[in-house]
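Comments concern the structure below.
The values are calculated or read from the model by the stated rules, or taken from the named source; none is laboratory data. Since the model is a prediction, treat every value here as computed from it, not as a measurement. Don't worry about glycine lacking a Cβ; one is built from the backbone with ideal geometry, like all the others, and counts go over all protein chains shown.
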Ligand code: FE
């Protein structure tokens, strides 16, 4: 079974003006789709054919890893956003945020700082470490926290194709706009789910 480009969880114009329809059209319809197509071509008749995306990310390298991780990361990135972002963390997730960052606002500030400071292309992440604590991390180019046995909770794509049409070179303006779109219910669900594993 070949991998399929997952449906977007909202319309292509739903995140405007923070992220324009044109950006989503290219980012989802071209960049993301290309990773899916390339991955399918690369794994055909290889040891990775029929494996889950997560398995491929953990055990592959080179181009197969790159396209698998980029496919997974983009699918996750879309789900990390929503046009209705007016929500607050609660329960154990809110407690973990307060313990690690002091406040929800400071988490957002630190997440922005970590994402903006990545040199070149990459991904900013909020993850859950093995001991259950929250951590910010960044991966340069293509990467995924699962490789380090960490559980992704939130990601921001800071490759230029994510923001150049809307914000030109201002990654900070894009990351700030991204933070207004975060689906905290989804992020919290990742945290709760990972605690039950
Ligand atoms: Fe991207």
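Structure notes:
- Scanning region 122-141 for residues that are in contact (Cβ under 8 Å) with a residue 12 or more places away in the chain and out of contact with any strand residue (DSSP E or B) (no Cβ under 8 Å at 6 or more places or on another chain) yields 130, 132, 133.
- Looking only at region 142-162, and only at residues there that are touching a strand residue (DSSP E or B) at 6+ places or on another chain (Cβ under 9 Å) and assigned to a helix (DSSP H, G or I), the one that is surrounded by the most Cβ atoms within 10 Å (Cβ to Cβ): 162
- Residue count for region 18-37 satisfying the condition of being more than 24 Å from residue 64 (Cβ to Cβ) and without any contact (Cβ under 8 Å) to a residue 60 or more places away in the chain: 3.
- Subset tally (residues that are within 16 Å of the ligand (Cβ to nearest atom) and surrounded by 15 or more Cβ atoms within 10 Å (Cβ to Cβ)) for region 128-141: 2
- Residue match in region 111-127 (condition: farther than 30 Å from residue 50 by Cβ, assigned to a strand (DSSP E or B), within 15 Å of the chain's Cα centre (by Cα) and more than 14 Å from the ligand (Cβ to nearest atom)): yes
- Qualifying helices (runs of 4 or more DSSP H) (wholly inside region 1-90; at least 1 residues being more than 16 Å from the ligand (Cβ to nearest atom) and in contact with a helix residue (DSSP H, G or I) (Cβ under 7 Å, 6 or more places away or on another chain)): 33-43, 53-59, 62-79
- Number of the exception - residue 96 against (1) surrounded by fewer than 16 Cβ atoms within 10 Å (Cβ to Cβ); (2) modelled with pLDDT of 95 or more; (3) away from the ligand (no atom under 16 Å from the Cβ): (1)
- Output for region 16-38, where each listed residue is surrounded by fewer than 16 Cβ atoms within 10 Å (Cβ to Cβ) and under 13 Å from residue 174 (Cα atoms): 16, 17
- Residue list for region 163-182, filter: within 12 Å of the ligand (Cβ to nearest atom) and part of a loop (DSSP other than H, G, I, E, B): 163
- Residues considered: 181, 165. Of these, the only one that is touching a strand residue (DSSP E or B) at 6+ places or on another chain (Cβ under 6 Å) and surrounded by fewer than 21 Cβ atoms within 10 Å (Cβ to Cβ) is 181.
- Region 158-169 residues that are in contact (Cβ under 8 Å) with a residue 60 or more places away in the chain, paired with ones that are near the ligand (Cβ under 9 Å from one of its atoms) and part of a helix (DSSP H, G or I) (beta carbon under 7 Å, 6 or more apart): 161/27; 161/31; 162/27
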